[in-house]
Amino acid sequence: KIPYENAKLVKMLTTFLLLFFISSFTNDLSTISRVIIKIFIWGFFPIILYFFHFYEKVELVRIKQSWQKWRNPKNWKGNISK
């Protein structure tokens, strides 16, 4: 038996379906507007999961470390070569 984290799966699926339902209302808009709105929704997905207490503490620490490492474009070349 594989021990799935069912609560996390439900939170992720519920959030996804909610955002998918919201994005379905953009079909009447112009292509540029739809793309911008859907990119915003896509970027908002992990933030919503954060408020649902989806992430464990160690995951939040890793996300913070990644952000600190990659936030400065001047260091990207060095980060890639490592």
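The set of residues from the stretch 30-63 being open to solvent by less than 90 Å² (accessible area, probe 1.4 Å) and either in contact with a Lys or Arg (Cβ under 8 Å, 6 or more places away or on another chain) or over 30 Å from residue 4 (Cα atoms) (or both) comprises 30, 31, 33, 34, 35, 37, 49, 54. Residue 66 - would you say it is surrounded by 13 or more Cβ atoms within 10 Å (Cβ to Cβ), among the small types (Gly, Ala, Ser) and out of contact with any Gly (no Cβ under 7 Å at 6 or more places or on another chain)? No; evaluated as a whole, the condition is false for this residue.
Remark: pairs (first residue in the stretch 4-27, open to solvent by 100 Å² or more (accessible area, probe 1.4 Å); second residue in a helix (DSSP H, G or I); Cβ separation under 8 Å; 6+ apart in sequence or on different chains) = 16/45. Restricted to helices (runs of 4 or more DSSP H) entirely inside the stretch 1-72, those with at least 2 residues that are hydroxyl-bearing (Ser, Thr, Tyr) are 6-23, 31-51.
The values are calculated or read from the model by the stated rules, or taken from the named source; none is laboratory data. All of these numbers come straight from a predicted model, not from anything done at the bench. For neighbour counting, all protein chains shown are included, and Cβ atoms are generated from backbone atoms with ideal geometry for every residue, glycine included. Ligands, DNA and RNA are excluded from the accessible area calculation, which covers all protein heavy atoms including side chains. Shrake-Rupley method; radii C 1.70, N 1.55, O 1.52, S 1.80 Å.
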